[in-house]
1. Going from most exposed to least, what order do Trp144, Trp240 have by accessible area with a 1.4 Å probe?
2. Quick one: which residues, 5 or more positions from Leu141 or on another chain, have an amide H under 5 Å from its amide H? H modelled 1.01 Å from N in the peptide plane, none for Pro or chain starts.
3. Can you classify region 22-99 as rounded, prolate or oblate using the Cα gyration tensor, where a ≥ b ≥ c are the square roots of its eigenvalues, rounded means a/c under 1.5, and otherwise it's prolate if a/b beats b/c and oblate if not?
4. For the chain, with the dipole built from +1 on Lys and Arg beta-carbon atoms and -1 on Asp and Glu ones, taken about the Cα centre, which of Phe249, Ala230, Thr4 lies farthest toward the positive end?
5. How much area per residue is accessible in the chain when the probe is 1.4 Å and only protein heavy atoms are counted (Å²)?
6. When the accessible area of the chain is split by element with a 1.4 Å probe, what percent falls to carbon and sulfur?
7. Using heavy-atom solvent-accessible surface (probe 1.4 Å) with all chains present, what is the largest-first order of Phe256, Phe205?
8. What are the lysines whose alpha-carbon lies under 25 Å from the alpha-carbon of Lys242, with same-chain residues fewer than 8 places away excluded?
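The values are calculated or read from the model by the stated rules, or taken from the named source; none is laboratory data. It should be emphasised that the depicted structure is a prediction, and the values quoted were computed from it without experimental measurement. Please note: Cβ atoms are built from the backbone with ideal geometry, for glycine as well, and neighbour counts cover all protein chains shown. Ligands, DNA and RNA are excluded from the accessible area calculation, which covers all protein heavy atoms including side chains. Shrake-Rupley method; radii C 1.70, N 1.55, O 1.52, S 1.80 Å.
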Amino acid sequence: ESTTFAVRVAPLGSHGQVLVLAEDQTESRRVEAVRRDFVANVSHELKTPVGALSLLAETIQDAADDPEAVTRFAGRMQHEAARLTYLVQDLITLSRIQGADPIPTPDAVAVDDVVHEAIDRCNTKASAKNITLVAGGREGLRTWGDEDLLVTALHNLIDNAVAYSPEHTRVVVSVRPVGDSVEVSVSDQGIGIPEFAQERIFERFFRVDTARSRATGGTGLGLAIVKHVAAAHSGEVTVWSKEGSGSTFTLRLPAFGGTAGLPASTTTPM
Ligand code: ADP
């Protein structure tokens, strides 16, 4: 990698002194390159469903006298339109949190509410695969921030756990106090993530297996959103995974009002 400096020279006073300013532009060039890559990726991700939609519309016109085909293609159009909707929603969420760092109006948030709301949103998808969602750990903990964003982040983790797990497995969401923090972990018995990819999965649009992720309806933005939500809450998200046996994602958040004197933990059937 090369380093770029912008050098400016300005006269200073009347004795021939000059001021020399050297500004390291490596970082701003890197930021600019990342931004350009992102726009290129977004364009590509938008083009795919839009292309499929126009192709399907043409196909429907040609198949006008075959009602069964019309129904089938219309269904696929709905599927592509839904993908576009998810992508646009995720892009909006991502730009909202990238711009609002830290959270403008933080509130005390009950972690139990976040867990239950996130699980509720995943129930339909989980039951379709006969996956059991289990919540456990310490009750009554609170964190500090934006409840909607925290639900979105945890929903993304549970949604992935379900998407990348085989049928008849279980996903466990567990809460525990650790020092001045609250940790919410999501463990699955799914396909796992190869070691080389474990750092990269939090990048926008990085996928271990593009075809598989698209087939499961993924936008490739879920974990980037989780990472930014964690950062906006002065927290972090980490991953432990073993290929073939499963993954655990842990969201660490600041505890609000301390973690002492709370009810004893409930059991996690595991
Ligand atoms: P996607 O929409 O593709 O799921 P994410 O940002 O949520 O995008 O995740 C990025 C990639 O990380 C996924 O494409 C997948 O390869 C991998 N991944 C995320 N969560 C899991 C998990 N629980 N088990 C296995 N792989 C996962």
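1. So, going from the largest accessible area down, we get Trp240, Trp144.
2. Val111, Asp112
3. Cα axes put region 22-99 in the prolate bin.
4. Thr4
5. Values: 15470 Å² over 270 residues.
With the other protein chains kept in place, the chain gives 57 Å² per residue.
6. In the chain, the share of accessible area belonging to carbon and sulfur is 52 percent.
7. Listed by decreasing accessible area, they come as Phe256, Phe205.
8. Lys125, Lys129, Lys227
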